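The structure under discussion is supplied below as C-alpha cells; questions concerning it will follow.
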Amino acid sequence: MKNRESNILNYIFNNNGASLQELLDEFKISKRTLYYDVENINDEMKGRGQIRKIGQKFTCIGNYNALRKFISGAGCVDPYAVYNRQNYILGKILEGESFTLEKLANEMGMSKNTCISDMEDIKRLLKGKGLALRTKPQYSMIGSEIKIRELYLSLMQENVDLISQISPQVVLFNKNRNLQLTDYALGNLSVFLDFTRRRIAQGCFVKAGDDFAEAEQFSYFKALFDLIDTENRNERQYLAAYIASLPSWNHQVDDSRIDRYVDRLIEKFESKTAITLESKEEFKKNIKRHLLSSYYRIKFHFPVNNPCLSEINVQHGALYKIVRSVVLENGKEFRELSNMSDEEIGYITAYFGGYLSGSRSNGLRRNRVLLVCPNGLMVSKTLKIQLYKYIPTVEVVDTIAMSSLPGYTGSYDYIISTIELPGYENVMVVNPILTKMDIQHIMNNLLDFSGSTYTYDLELLINVIRKSADIFDENQLRKNLSALIYPKIAENKEEKNPVLKDLIYGNRIQITQHAENWQEAIRLAAQPLLDDHSIEASYVDAMIESVNRFGPYIVLDDYFALPHAKPEGKVNRLAMSLLVVKEEVDLVGHPVNVFLVLATVDSSSHLDALANLSDILSERENLQLFREGDKEEILALLNRY
C-alpha cells in the first residue's frame with residue numbers, strides 16, 4: 001500500500017470517519033485521486049473490511065479486530081500514524097529537533113506546500129494558546145513556559161509507547177516514597193521529566209506563582225532533588241503538582257470532600273433534569289473513583305485528553321450542557337474543582353449518559369469486564385487504570401493470565417485482551433495503551449454511545465444470504481442493508497427531541513398578579529396540561545407532595561421553580577406549561593415568581609428542553625424578562641433560543 005493510501009486509511013479509521021472535504025483538505029488531493037486511492041485501499045483490505053461513503057462520511061466498515069490488525073500490520077504503519085501531521089510537527093519542535101521544510105516534506109511523504117500550510121495552521125494554533133513560533137536559528141516556541149509544558153503534556157498523551165520508556169530513576173523514586181503510581185503514570189513521569197530537564201538546560205523555567213504553592217506540603221516535595229537537579233522553587237512546585245495529578249493506587253485526596261462534592265453534583269443534577277437516580281450508591285462509587293484520580297489534575301489545571309469528547313457532544317449534547325451548568329454551580333462551593341475543563345466535564349457527562357442509557361434498559365448496562373493479559377502484571381495494571389479513566393461505569397471483575405482463562409468460573413460480560421482469543425465470545429482486542437479507536441470500540445459495546453460502525457461486515461451478510469436464497473437485485477439489496485445497518489449520517493439524523501418553544505406556546509403560558517401560596521401556584525401552572533389531557537390530576541398532587549416530602553428542591557434559580565414528579569402512570573405525554581406570578585410566592589423559604597411545570601415520560605426526551613432552559617437562564621437579564629415580560633415577550637425569548 002502506498003504511503004498516502006496508508007495515511008488516508010489511518011485517518012479515516014482513527015477519526016471514526018471523515019467527510020469528503022475533510023479528506024481533500026487534509027491530503028491536498030483531488031476528488032478523483034481520493035476515490036482512486038479508496039478503491040486501491042479496498043482491494044488491499046479484501047476480506048477484512050472496506051472504506052464506504054455512508055451519508056456524508058467515508059467510514060471503515062467490517063470487523064473491527066481484523067481492520068485493527070491490518071492497519072497495525074507491516075507496511076501500513078508510518079512514523080506519525082498515531083498523530084495527525086500537525087501534532088507530529090509540533091512534537092519535533094518541542095523535542096528541539098532541527099529540520100528544514102524540505103527535509104520534513106521528504107520524511108512525511110508530503111509536498112513542501114503542504115508542510116508550509118501545516119506550519120501556518122500551527123502558528124494559528126499557538127497564537128490561540130498565547131504562544132508564538134520562532135523559525136531561526138531553528139524552529140522553537142516562545143511564550144509562557146507553563147503553556148509550552150501543557151502543550152507537550154497534551155501531545156504526550158497520544159504516545160502509545162510510554163510504558164517502554166519508564167526510567168529506573170522514576171521507579172526507585174516511586175518505591176522509596178511509596179507513591180504507588182500506576183505503570184502508565186510512571187511512563188508519563190519518565191518522559192515528562194526528560195522534557196523538563198531539557199527545558200531547564202535551555203534556561204526555560206516555569207513561573208508558577210501561588211497556583212502550585214500547596215504542592216510544597218506533599219510528602220515527597222523535598223525528595224524531588226532525586227529527580228530534578230535544580231534549586232528553582234517554582235520548578236519543584238510544578239513537578240510536585242504534576243506527580244500528584246498522576247493516576248495512583250494510593251489516593252492522597254480527602255475522600256470526605258469528594259463525597260460531599262459528588263453528593264452535591266447528584267443533588268443538582270436531579271433538580272435540573274427532573275430525573276431521580278435510582279442506583280445512587282453504585283453511581284456515586286463509580287464517579288467518585290474517577291474524581292479521586294483526577295482531583296489534582298483539575299485543581300492544578302493539567303491538560304487531559306478525552307478522545308470521546310466530540311462523540312459525547314453528538315450523542316449527549318443536551319446532557320453535556322446541563323452537566324456543565326451543574327459543575328460550574330458546584331464550583332462556587334468547591335473552588336478546587338471550579339475550573340474543570342471541557343474534557344473533564346465530558347467524562348462526567350459520560351458517567352451520567354452511561355447511567356441513563358442503562359436506566360432505559362431497566363437497569364445499568366452490562367459492564368462487567370474480565371482482563372486477560374499475556375504480557376504480565378504491568379500491562380494489566382495499565383489497562384485497568386485506563387479503563388477506569390476513560391470508560392464510565394466499567395467494573396473490572398478480575399485480571400488473569402491467558403493460561404488461566406479455560407478454568408475461569410467467575411461472572412463477566414466482556415473480555416478485554418491485548419491478543420486474539422479464538423473460541424471465546426464478547427472479546428474486545430485492544431492495544432496495551434488504548435488508542436482513540438480502542439476507547440471508542442469499548443464504549444460502543446459498554447455504553448451504546450453510537451451505532452456500532454465496526455460490527456457488521458456487509459460482504460459477509462451478502463454471502464450468507466446468497467447461500468440461502470436467490471438474490472434478484474444485489475445492488476438494491478446492498479443499498480437496503482447499508483441503510484439498515486449504517487444509518488445515514490447527517491442525511492437521516494435521529495428525530496430531535498423538543499426544545500422549550502416546541503412545548504411552551506399559546507395558552508400554556510399564563511400570567512397572573514397573585515397566588516395564595518405555592519400549592520395554588522403549582523395547581524394553576526399545571527391547569528393547561530390538565531385541560532389538554534397531557535397529565536392526570538394525580539400528577540399535580542404528586543408534584544405538591546414531592547415538595548412537602550423533599551423540600552424546595554424544585555427551585556432552580558432565583559425566583560424560578562421547576563415543579564415535577566415521577567410520572568408513574570400520571571403523565572400521558574411530554575409536556576410543559578409556564579406560570580408567571582407578579583407578586584412573589586414563598587416556596588418553603590424561597591421567593592418565586594416563575595413556575596415551569598414539567599411532565600416527563602422517560603429519562604431523556606425532555607433533556608434538550610432543559611438544556612435550552614439552562615442556556616436561557618445563564619444570561620441573567622432573561623430571568624428578569626420571565627418575571628416582568630408579557631406573553632409575547634416570553635414567546636419571543638423562547639424563539640430566540
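The values are calculated or read from the model by the stated rules, or taken from the named source; none is laboratory data. All figures in this text were calculated on a predicted structure; none of them were measured in a lab. Virtual Cβ from ideal backbone geometry, glycine too; neighbours counted across all protein chains shown.
Would you mind telling me which numbered condition in (1) at pLDDT 90 or above; (2) part of a helix (DSSP H, G or I); (3) of a type in the set (Gly, Ala, Ser) Ser614 fails?
(1)
Same structure, new question: So for the stretch 534-546 (the condition being at pLDDT 95 or above and closer than 22 Å to Leu617 by Cβ), does at least one residue qualify?
yes
From the list Glu568, Glu516, which one is without any contact (Cβ under 8 Å) to a residue 12 or more places away in the chain and among the charged types (D, E, K, R)?
Result: Glu516 is the single residue among Glu568, Glu516 that is without any contact (Cβ under 8 Å) to a residue 12 or more places away in the chain and among the charged types (D, E, K, R).
Shifting gears a bit: So Ile634 ticks every box in (1) part of a helix (DSSP H, G or I); (2) surrounded by fewer than 18 Cβ atoms within 10 Å (Cβ to Cβ) but one. Which box is left unticked?
The failed condition is (2).
Enumerate the helices (runs of 4 or more DSSP H) found wholly within the stretch 258-334, keeping only those where 2 or more residues are within 20 Å of the chain's Cα centre (by Cα) and of a type in the set (D, E, K, R). Walk me through it before giving the result.
Numbers: elements: 280-299, 309-315, 317-331.
So the answer is 280-299, 317-331.
Report the residue count in the stretch 9-21 for those that are crowded, with 16+ Cβ neighbours inside 10 Å and under 21 Å from Ile116 (Cβ atoms).
1
Considering only residues that are surrounded by fewer than 20 Cβ atoms within 10 Å (Cβ to Cβ), among the aliphatic types (A, V, I, L, M) and touching a residue at least 40 places away in the same chain (Cβ under 8 Å), which ones fall in the stretch 541-554?
Those that are surrounded by fewer than 20 Cβ atoms within 10 Å (Cβ to Cβ), among the aliphatic types (A, V, I, L, M) and touching a residue at least 40 places away in the same chain (Cβ under 8 Å): none in the stretch 541-554.
Right, here's the next one. Which members of the stretch 292-346 meet the condition of being in contact (Cβ under 8 Å) with a residue 12 or more places away in the chain and hydroxyl-bearing (Ser, Thr, Tyr)?
Answer for the stretch 292-346, where residues must be in contact (Cβ under 8 Å) with a residue 12 or more places away in the chain and hydroxyl-bearing (Ser, Thr, Tyr): Ser293, Ser294, Tyr295, Tyr296, Tyr320, Ser325, Ser341.
Please pick out the residue among Val262, Val304, Val314, Val253 that is over 23 Å from Ile616 (Cβ atoms) and at pLDDT below 80. Spell out the reasoning first.
Working: Val262 fails: at pLDDT below 80; Val304 fails: at pLDDT below 80; Val314 fails: over 23 Å from Ile616 (Cβ atoms).
The match here is Val253.
Looking only at the stretch 193-210, which residues are outside any loop (DSSP other than H, G, I, E, B) and more than 30 Å from the chain's Cα centre (by Cα)? Write out each step before concluding.
At the first step, the residues of the stretch 193-210 found to be outside any loop (DSSP other than H, G, I, E, B) are 193-201.
Across the stretch 193-210, the qualifying residues are Arg197, Arg198, Arg199, Ile200, Ala201.
A follow-up question, please. Restricting to the stretch 563-585, and then to whatever is among the basic types (Lys, Arg) and either over 34 Å from the mean Cα position of the chain (by Cα) or closer than 18 Å to Thr276 by Cβ (or both), can you tell me which residue is surrounded by the fewest Cβ atoms within 10 Å (Cβ to Cβ)? Steps first, please.
Let us first name the residues in the stretch 563-585 that are among the basic types (Lys, Arg), namely 566, 570, 573, 582.
With the extra rule that they be either over 34 Å from the mean Cα position of the chain (by Cα) or closer than 18 Å to Thr276 by Cβ (or both), the set shrinks to 566, 570, 582.
Working: Lys566: 15, Lys570: 17, Lys582: 12.
By that ranking, first place goes to Lys582.
Now for a different question. What number of residues within the stretch 154-171 satisfy the criterion of being in a helix (DSSP H, G or I), touching a residue at least 40 places away in the same chain (Cβ under 8 Å) and either more than 15 Å from Ala240 (Cα to Cα) or among the small types (Gly, Ala, Ser) (or both)?
Just the residues of the stretch 154-171 that are in a helix (DSSP H, G or I), to begin with: 154-156, 163-165, 168-171.
Filter once more, so that each one left must be touching a residue at least 40 places away in the same chain (Cβ under 8 Å): 154-155, 163, 169-170.
Then drop every residue that is not either more than 15 Å from Ala240 (Cα to Cα) or among the small types (Gly, Ala, Ser) (or both), which leaves 154-155, 163, 169.
Total satisfying the criteria: 4.
A follow-up question, please. Say whether the condition of being surrounded by 14 or more Cβ atoms within 10 Å (Cβ to Cβ), small (Gly, Ala, Ser) and over 22 Å from Asn188 (Cβ atoms) is met by at least one residue in the stretch 133-141. Before the answer, list the steps.
Initially, the stretch 133-141 is screened for residues surrounded by 14 or more Cβ atoms within 10 Å (Cβ to Cβ), giving 133, 139-141.
Subsequent filtering for residues that are small (Gly, Ala, Ser) retains 140.
The next check asks that each one be over 22 Å from Asn188 (Cβ atoms); those that pass are 140.
Yes, because at least one residue in the stretch 133-141 is surrounded by 14 or more Cβ atoms within 10 Å (Cβ to Cβ), small (Gly, Ala, Ser) and over 22 Å from Asn188 (Cβ atoms).
Output yes when any residue across the stretch 153-165 is surrounded by 16 or more Cβ atoms within 10 Å (Cβ to Cβ), at pLDDT 90 or above and touching an Asp or Glu at 6+ places or on another chain (Cβ under 9 Å), and no when none is.
So far as the stretch 153-165 goes, no, none of its residues is surrounded by 16 or more Cβ atoms within 10 Å (Cβ to Cβ), at pLDDT 90 or above and touching an Asp or Glu at 6+ places or on another chain (Cβ under 9 Å).
When Ser577 is evaluated against the numbered criteria (1) touching a strand residue (DSSP E or B) at 6+ places or on another chain (Cβ under 7 Å); (2) under 19 Å from Glu270 (Cα atoms), which criterion, by number, is the only one it fails?
Ser577 satisfies all of (1) touching a strand residue (DSSP E or B) at 6+ places or on another chain (Cβ under 7 Å); (2) under 19 Å from Glu270 (Cα atoms) except (2).
So that you can scan it fast, the table gives a plain yes or no per residue for (1) among the β-branched types (Val, Ile, Thr); (2) surrounded by fewer than 20 Cβ atoms within 10 Å (Cβ to Cβ); (3) closer than 28 Å to Leu328 by Cα; (4) not assigned by TED's automatic domain parsing to the domain that holds Gly331:
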position	(1), (2), (3), (4)
Asp210	no, yes, yes, yes
Gln217	no, yes, yes, yes
Asn234	no, yes, no, yes
Asp259	no, yes, yes, no
Leu265	no, no, yes, no
